[in-house]
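The values are calculated or read from the model by the stated rules, or taken from the named source; none is laboratory data. Just so you know, these numbers come straight off a predicted model, no measurement behind them. Don't worry about glycine lacking a Cβ; one is built from the backbone with ideal geometry, like all the others, and counts go over all protein chains shown.
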Amino acid sequence: MNISKIADNLNEKSKDYQIAQLQNYRVEINKLSQPYTYDIFSNKSIKYKDNYAYHSGGRKEMQVNIGFEPDREEFRAGFAFSIEPSRSLTEPVEIFKPKIKRFNEFLDKNYDKYSDLMMFYHDDVPKRSENYQIEQIGDNLIERGNFIFFGEFYDKKAGDNLTEKEYRHILKLMSQMLEIYFYVETGDKQYL
């Protein structure tokens, strides 16, 4: 199954989970008149060629992120900081440095709740780290071109389908992780 179909399935199956409200939360946090879509993922945020997707409107945010890992038989689901420059984000370090500092503050106070999550990073080469247990993000990783992911991994190769149980688990995890998103994006731990 391709990334587009998985993203569409997550959009459809999310209706009974808090993560389905992400775009409504984004409207409030970012003072938008309305989002591009009310789905988590949109055609603009699904990168078919590279087999990953992030939430619609999430380019400058801690983003919901899913994808098949190239050269690995893994599917990832969680959140990420994409410190990679683009036309709409020419100075990504300026945007993400304060957000990553809030992520570190949150993790320091809530580590036990998320200690089972894994993370990895890659730089702009791209040289990818191994997966390792979640930890605070060091200043050495807050560099232009880096990508930092944290969440869970599933033994899947590109083209594999997810089971109904895996879909439910991913949506539950993303809903739980919204508290991290809120703190990172607003600095308010009581947002929920």
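Here is a yes/no grid of residues against (1) acidic (D, E); (2) not in a loop (DSSP other than H, G, I, E, B):
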{"site": "E143", "(1), (2)": "yes, no"}
{"site": "F149", "(1), (2)": "no, yes"}
{"site": "D160", "(1), (2)": "yes, no"}
{"site": "Y167", "(1), (2)": "no, yes"}
{"site": "L171", "(1), (2)": "no, yes"}
{"site": "M174", "(1), (2)": "no, yes"}
{"site": "E179", "(1), (2)": "yes, yes"}
{"site": "E185", "(1), (2)": "yes, yes"}
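Once segment 26-51 is narrowed to residues that are of a type in the set (F, W, Y) and modelled with pLDDT of 95 or more, the residue that is farthest from K157 (Cα to Cα) is Y38. Looking across segment 1-59 at every residue that is among the basic types (K, R) and under 17 Å from the mean Cα position of the chain (by Cα), the one that is farthest from F79 (Cα to Cα) is identified as K44.
For segment 49-70, the set of residues classified as touching a helix residue (DSSP H, G or I) at 6+ places or on another chain (Cβ under 7 Å), within 13 Å of I6 (Cα to Cα) and part of a strand (DSSP E or B) consists of Y52, A53, I66, G67, F68, listed by residue number. When E73, E12 are checked against the criterion of being charged (D, E, K, R) and assigned to a loop (DSSP other than H, G, I, E, B), E73 stands alone in meeting it. Residues that are within 18 Å of I180 (Cβ to Cβ) and among the charged types (D, E, K, R) within segment 87-141 comprise K97, K99, K101, R102, E105, D108, K109, D112, K113, D116, E135, listed in sequence order.
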